[in-house]
Ligand code: GLP
């Protein structure tokens, strides 16, 4: 696990875009694993700018997103499909038919999850997986629990995640209580992983992820076992690690 310190959110976004751009340039038909949440917004903005400048070409890229709220349709402005269109897909020359997000409107959760695993497999796996991190150490929507779940599955969101994500909805009651998410096995199967963390609110999660034991109670800690995982964290997100003298 390699940790790169960014001075602030802007620096983090530029550095993350640099690594994704390198991936796209090295393998123009690669499969990008994409993430939502506020953290990668600046990274997507950078990628759009580079596309507009003619530096990046997304025409052969395919993508799979980590997760989707169960019950939300693609055109609900809080769905992760909508987020991806708004922040990236609508602004670059990616073929939307090659972009994939779990189907939140599939009521049969076994089917939704099995279909998504089959989709990822049929694409030959993920070349670069982008991740954010929850304040409780979750990745995708793999919440802290007693064991790692391998494949795509339906999760009950924890109260802390519901509260954290309520800021995007008009009231906390509107936050879906469940989501479909790639499992830890799907994430760990990616050839490269890039996790982003910004702000003091992530400092405990980053400390536990990078310097604590590998445990499903801190799902992101499993990345310590990945051969090519890069963490880009800003100074605030690294503050606890620095305070404890481990970084
Ligand atoms: C959600 C997403 C995660 C994301 C997390 C953190 O729960 N499912 O993929 O990493 O939020 O979001 P933020 O970047 O807004 O802190």
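Every read-out reported here was derived from the displayed coordinates using simple, explicitly stated rules and does not represent laboratory data. This structure is a prediction, so every number in the text was calculated from the model and none was measured. Reconstructed Cβ throughout: ideal geometry from the backbone, glycine too, with neighbour counts over all protein chains shown.
Things worth noting here:
- Calculated P(r) tail over 22 Å for region 1-117, as whole % of Cα pairs: 36
- Inter-part distance where region 1-41 and region 71-129 are each reduced to a Cα centre, Å: 19
- Calculated SAXS-style log₁₀ I(q)/I(0) at q = 0.12, 0.13, 0.20, 0.23 Å⁻¹ - region 86-190, Debye, Cα scatterers: -0.46, -0.54, -1.24, -1.43
- Calculated P(r) of region 59-113 - Cα pairs past 18 Å, %: 30
- Cβ-based exposure ranking for 123, 182, 84, in which fewest neighbours within 10 Å come first: 123, 84, 182
- Peptides 39-51, 70-82, 130-142, ordered by how many other C-beta atoms sit within 10 Å of their residues on average, highest first, read 130-142, 39-51, 70-82.
- Among 225, 19, a tally of other beta-carbon atoms within 10 Å of each Cβ gives an order, fewest to most, of 225, 19.
- Kirkwood analysis of the Cα pair distances in the chain returns a hydrodynamic radius of 17.9 Å.
- Each of residue 110 and residue 53 was given a label point 7 Å from its Cα along the Cα-to-Cβ line. The distance between the two points is 5.1 nm.
- Region 10-71 - convex hull of the alpha-carbon atoms, volume per residue in Å³: 91
- DSSP bridge analysis restricted to the chain gives an antiparallel fraction near 30%, rounded to the nearest 5.
- Over the chain, Cα pairs under 8 Å with separation of 6+ residues give a relative contact order of 25 percent.
- Shape parameters for region 1-43, alpha-carbon atoms, Rg then Dmax in Å: 11.3, 32
- Note on region 157-237: Cα convex hull, mean projected area over all directions, 6.0 nm².
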